[in-house]
Structures are given as structure tokens and as C-alpha cells.
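Participant: Input: one structure, supplied below.
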Amino acid sequence: MIRKFVVSFLALANATARSASAAPFIPKSHATLHALKLRGGGGPIEAVTAAKILGAVALANGSVFGLSDKLCAKAYGLNEDELSTTDARCVTNHNLSILSTGLIIYCLLFRDDISFNLAMGLGNLPWAMRSLGDLLNKVSETSGPSDLGSMVTLVFCGLAAYAGLTSAEWAGSAFKAAAVYGLVCGLTILLAPAQASELWELKDTTWMTNGMVSGVGFSLTGLGAFLAFLAWGDDIITACGKKAAVDALCLVKVLFFDPDWAKVVVKKEPVYGWLVFFAFVVYSIMA
């Protein structure tokens with residue numbers, strides 16, 4: 001089943017790569033420099049400040065909860081004893097996408113010595129390392145995903161990371177391909193978690209797994225959209241505003257229209273807090 005998905009996606013990615021012109025090394029994104037001069041938005045703070053807050057929160061949340069699935073489970077009211085290996089991995093994967101977003105925003109808004117290409121390369125590195133680790137540790141035999149799924153993820157994210165870190169001439173095409181891959185995977189997981197669990201050949205599943213998979217789809221869709229906004233030319237602040245809007249929409253879907261997620265017993269207050277936070281960021285940047 002995953003093979004049919006891979007073949008179809010590779011055809012789409014090939015068409016995208018052919019239509020994308022190769023991007024040369026960018027010492028410092030002119031779009032980023034222009035964005036830093038922007039003011040406005042409807043909130044009480046400047047647009048750049050809202051974007052920086054989004055980045056700082058994403059970097060802190062992704063780092064801490066990405067390293068400790070138990071701490072994340074406790075913060076959201078999950079019973080650690082009921083989490084299978086697969087469920088725990090879903091918690092880590094969810095926060096991995098948040099970490100990637102935080103890395104890119106940190107590089108482009110908090111640092112003046114990091115190029116756009118390098119920032120995008122670093123942003124793709126967490127998922128590249130995750131998929132490589134999955135292959136080396138043979139997680140396909142215990143929890144999943146399948147080796148084929150991990151290899152495809154490694155190809156897209158690994159090439160994007162390599163292109164960004166080495167300033168390759170084809171970096172622009174690699175960024176676009178990785179963004180499309182992330183967005184397609186995120187949306188399919190978010191909209192059909194049960195089918196996604198089968199597609200990626202997850203094992204050691206519980207009654208909570210599909211709900212946990214929905215969480216992975218939520219954050220991965222936001223990351224894929226964010227990478228796409230940047231890869232197709234948005235400045236970093238505008239991309240942050242659009243990403244927050246995508247996150248808010250995905251979170252509404254999870255909160256109110258996802259029966260699988262509703263089965264997972266979590267503290268609803270932190271989740272609603274994220275929704276308010278995303279709405280604030282959108283208002284501060286886009287209004």
C-alpha cells in the first residue's frame with residue numbers, strides 16, 4: 001500500500017522539481033531583510049515580535065517535549081502507562097515538526113549570520129535524522145513506520161538538508177520537493193489517521209494510536225505549509241503568519257471534527273491555549 005503512495009508521490013515531486021528553477025546560494029535572504037522592516041498587524045505588538053514569539057515558543061516546546069515524550073504526556077494529561085511504543089513515538093514525531101519550525105525562525109529572525117539556504121537545511125535536518133535513526137534501529141520490526149516509508153522521508157528531507165548545508169545550486173528545488181512531501185504526508189495523516197496508520201505500517205497500536213497519529217498530522221501539515229511558503233518566496237514574517245493560520249485551522253479540525261483524537265484523554269486547556277496563541281499571532285501579523 002505504501003508503495004502505491006510512494007510511486008504516485010514521486011511522480012508529483014518530479015513534476016514539481018522540473019518546474020522549479022534552481023535557487024543559487026543566498027548569503028542573506030533579501031526577503032528576510034525586507035521583512036524585518038515590516039510593521040503593522042492588528043495586534044498590540046509588531047509583526048516581527050509576534051513572529052519571534054512564535055519561533056521561540058516552537059523552539060522551546062519542540063526541544064523539551066521532543067526529547068521527553070513522558071514529560072509531554074504528563075503536561076497534556078496522558079496516562080504514560082497506557083502509551084505503547086508507537087504512541088510514544090507519535091508524541092516525539094509531533095514535537096519534531098514543531099522543533100523544525102522553531103529552528104528556521106530562530107535562524108532567520110534571531111541571527112544575522114545564517115543564510116536562508118542554511119536555515120532551510122537545518123529545518124529539514126530533524127526529520128532526516130529521525131528517518132535515518134528509524135532505519136538503523138529497525139523500528140519497522142517493532143513499531144513502524146515501514147523501512148520504505150523511512151527511506152522516502154530520508155531522501156526528501158536528507159537531500160533538502162544536504163542542499164541547504166552545502167549551498168547546492170539545486171537547493172531551491174530540494175526545498176520545494178521536501179515541502180510538498182511534508183504537506184502531502186501531513187494532510188493525509190490529519191484527514192485519515194486510521195488509513196495513515198495502515199499506510200505507514202504502524203505496529204504495537206492501541207485504542208489511542210489513531211488519535212496520536214492525528215496530532216502528528218496537525219504539526220506536520222503546519223511544517224509542510226511553512227516550508228512551502230518560504231520555498232515559494234514568502235518573507236519569513238509573512239510565512240509565520242500564514243503558518244499560524246494553517247495551524248489554527250488544523251487544530252480546529254482536531255479539536256472539533258476528529259473522533260479519533262476525542263478518544264484520547266488529554267487536558268483540553270493547553271490545547272485551547274495553543275488555538276488562542278495561533279489566532280493572536282495571525283492577528284498580529286496578517287490583520
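FYI, it's all coordinate maths here, none of it is from the lab. Because the structure is predicted, anything quoted here is derived from the model rather than measured. Here the Cβ positions follow ideal geometry from the backbone for every residue, glycine too, while neighbour counts run over all protein chains shown.
Participant: How big is the stretch 68-120 along each principal axis, measuring the range of its Cα positions in Å and listing the largest first?
Facilitator: 45, 18, 11
Participant: Considering the Cα positions of the stretch 50-202, please state its Rg to one decimal place and its Dmax as a whole number of Å.
Facilitator: Computed over the Cα atoms of the stretch 50-202, radius of gyration and Dmax are 15.9, 49 Å.
Participant: Another question, if that's okay. According to the Cα gyration tensor, what semi-axes, each the square root of 5 times an eigenvalue, does the equivalent ellipsoid of the stretch 162-254 have, listed from largest to smallest in whole Å?
Facilitator: With the √(5λ) rule applied to the stretch 162-254, the semi-axes are 27, 17, 8 Å.
Participant: How high is the relative contact order of the stretch 57-196, in percent, with contacts defined as C-alpha pairs under 8 Å that are six or more residues apart?
Facilitator: 19 percent
Participant: In cubic angstrom, how much convex hull volume per residue do the alpha carbon atoms of the stretch 222-286 span?
Facilitator: It is 78 Å³ per residue.
Participant: Turning to a different aspect of this structure: Report the relative contact order of the stretch 150-287, percent, no decimals, based on alpha-carbon pairs under 8 angstrom and at least 6 residues apart.
Facilitator: 24 percent
Participant: How about the stretch 136-243: which trypsin sites (Lys or Arg not before Pro) there are in a DSSP loop, with at most 16 other Cβ atoms within 10 Å of their Cβ? Intermediate results must be reported in sequence, preceding the final value.
Facilitator: Details: sites: K138, K176, K203, K242, K243; in loops: K138, K203.
Answer by residue number: K138.
Participant: Output the pairs from K74/K242; K176/K243; K70/K267; K52/K242; K138/K203 with a Cα-Cα distance over 24 Å in this structure; if there are none, say none.
Facilitator: Violating the 24 Å limit, Cα to Cα: K74/K242.
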